[in-house]
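Structure first, commentary second.
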Amino acid sequence: MNLFGLLDQAAARFGDRGAVYLGDQQVHTWSSLRERSLRLAGSLTGAGRGARIAVASENRPEIVELMFAIWAAECVFVPLNYKLHPREMGQILADADVSLVFASSKIGAELTSTGSAPVETIGSAHYESRCTAEALDAPRHTDPAHLAWLFYTSGTTGRSKGAMLSHRNLMAMSVSHLADFDSPDENCSLVHGAPMSHGSGLYVPPYVLRGARQVVPASSAFEPDEFLDLCESHPGCSAFLAPTMVARLVQTGRERPRNLKTIVYGGGPMYVDSLKKAMAAFGPVFVQLYGQGEAPMTITGLRRADHLHAGIPAPDEVLGSVGYARSGVDVAVLGPDGRPAAVDEIGEIVCRGDVVMSGYWRNADATAATLRDGWLRTGDMGSFDADGYLTLRDRSKDVVISGGSNIYPREVEEILLEHPAVLEAGVVGAPDEEWGEIVVAFIVGDVRPDELDAHLLERIARFKRPKRYEFVDELPKNSYGKVLKRDLRDRLR
Ligand code: AMP
């Protein structure tokens, strides 16, 4: 089984319908996309089966044809986050031992200096000549365990590692998406608001299978107004967005666009207060995923209907949870003794199923530490409630232990954000002689510490209250918008 089969099916069923769009402009039909991908694949055979081929680009329509060409040639797709520093990209290219990099002209120019692999500019004359090469036959005999995608972790902690994702893994992800979250057809669209090197790109397979349009914004970036306009002009729009992007949509003050159907948010915490604002602005279009590169997009989820109870937003405990296990995935929480934790007891979240990676690329130690006894150790802490909803309590290393009590920063951040003057909040532990660690809150907003203290004391236990507030203009974030807790901690040392 090869993921190219998804495009084969779409081309057979919907051949002359629009497949790929740049803004409002149609770039390819399903037939022409299939044809170009197989010709591109024909030009890649020299690299050899299993060769790693990197793509380093802002969102562009060609990423779709490259993805399917790489799979047709039985090579491995290695997308690079285009916001990384060239030095970081160079590290990934060297680690993956890539044979060739397809890059946009801007990123290609920066990458060439790293000298790690030949760089070819997407859309150049040479690139276009590949699209007229002799077409490869569609692959028919690929082992589903064959590597399809090397997903480099976003590196909020240390060096990025390559999660090895097979055709089977991504098929399991696709089926689970179609079963749990969204059921697109040929009258629908996937709008690529988030980077296609990450979540938005992972969603290409399920939408291609159903013949839904692939819409790439003309700006190649996430511009809230442009995104909302595209959801007016294309039919049945779905998108994966990071929580910070959802917040930016809300800030436009615009109403729900006519054709906006589904926004899957996740990849980082969405605070309850922000989610309620987003639901008030755009209605019941939201679906939450909890996943990680090692189990792409698929560990638990909060389905669309779970966001509402009897027509109003569900209780905060539900909206603040990450939902329940996704179809085809076993999820458990393990206590310190390695046994399943009791209801409401916090422990490490583990999962297993066809979606879980086979390991980290050329990194046996990290693989052995992460895949244990058939389970993926996520490194996230959480607890199940009696109804089977999982709530995340930060990554194990983010927990603050103060005077022997565990404090989960997310809980304190949620409450801080309920204060109308707090725009952003990041809570971390700082070393302290007396307490071991103390809670410190970094705040973006115009508010006094005593006001925040009063606000917190009304809502949570006194020992969870920050002993110190640091007021900042913005919180440090990585290129996917995740707050860099490590940077905050470093500032305190
Ligand atoms: P990545 O592999 O870069 O996608 O990062 C995965 C990590 O992001 C997970 O292990 C979680 O710590 C975090 N994460 C993913 N989804 C959610 C979510 N819905 N809520 C909170 N954190 C999340």
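See the values below:
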quantity	calculated
Dimensionless Rg/Rh of the range 400-492 - Kirkwood Rh, Rg from C-alpha atoms	0.94
Cβ-Cβ FRET estimate between GLU35 and ASP330, R0 fixed at 45 Å, reported to 0.05	0.65
Ranked order, GLU255, GLU470 - accessible area, probe 1.4 Å, largest first	GLU255, GLU470
Out-of-range pairs (alpha-carbon distance over 29 Å; input LYS161/LYS397; LYS161/LYS276; LYS106/LYS397; LYS161/LYS482; LYS83/LYS397; LYS106/LYS482)	LYS161/LYS276; LYS106/LYS397
Fully extended contour minus Cα-Cα distance, from ALA421 to ALA125, at 0.36 nm per residue	101.2 nm
The chain: relative contact order in percent, alpha carbon pairs under 8 Å with at least 6 residues between	11 percent
Gyration tensor (alpha-carbon) shape descriptor, the range 4-381, a/c threshold 1.5	oblate
Cα pair distances exceeding 25 angstrom across the range 300-414, given as percent	29 percent
Protection proxy ranking of 400-407, 377-384 - average other beta-carbon atoms within 10 Å, highest first	377-384, 400-407
Stretch gain in nm, segment HIS309-ARG372, where the contour uses 0.36 nm per residue and the Cα spacing is subtracted	18.9 nm
Amide N of the range 291-308 lying under 17 Å from the label point, which is placed 7 angstrom from the Cα of GLU317 along Cα→Cβ	306-308
Calculated FRET value between THR252 and ALA364, using beta carbons and R₀ = 41 Å, to 0.05	0.30
√(5λ) per eigenvalue of the Cα gyration tensor, the range 172-231, largest first, Å	21, 13, 9
Accessible-area order (highest first, 1.4 angstrom probe) of the listed residues LYS83, LYS261	LYS83, LYS261
Computed [θ] at 222 nm, helices only, for the chain once each DSSP H run of length n ≥ 4 contributes -39500 (n - 2.57)	-9000 deg cm²/dmol
Whole-angstrom gap from the range 1-80 to the range 249-293, using each part's C-alpha centre	29 Å
Spin-label pair HIS141/VAL472, simplified geometry with 7 Å Cα→Cβ offset, distance in nm	5.6 nm
Cysteines in the chain lacking a second Cys C-beta under 4.7 Å	CYS75, CYS131, CYS188, CYS351
Gyration tensor (alpha-carbon) shape descriptor, the range 105-251, a/c threshold 1.5	rounded
Peptides ranked, highest mean first, by Cβ atoms within 10 Å: ranges 193-201, 65-73, 313-321	65-73, 193-201, 313-321
Heavy atoms of LEU423 accessible to a 1.4 Å probe, total area in Å² rounded to 10	120 Å²
Extension reserve of the ILE401-ALA221 stretch, reckoned as 0.36 nm per residue once the Cα distance is removed	60.8 nm
Förster-model FRET efficiency, 30 Å R0, GLU232 and ARG459, C-beta, rounded to 0.05	0.15
Rounded tilt (10° steps) of 272-282 against the dominant C-alpha axis of the chain	50 degrees
0 to 90° range, to nearest 10: angle between helix 86-96 axis and the chain longest Cα axis	70 degrees
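The values are calculated or read from the model by the stated rules, or taken from the named source; none is laboratory data. The shown structure was predicted, so the numbers you read here are calculated from the model rather than taken from an experiment. Every residue, glycine as well, gets a Cβ built from its backbone with ideal geometry; the counts of neighbours run over all protein chains shown. The area values use the complete protein model at the heavy-atom level, side chains included, leaving out ligands, DNA and RNA. Shrake-Rupley method; radii C 1.70, N 1.55, O 1.52, S 1.80 Å.
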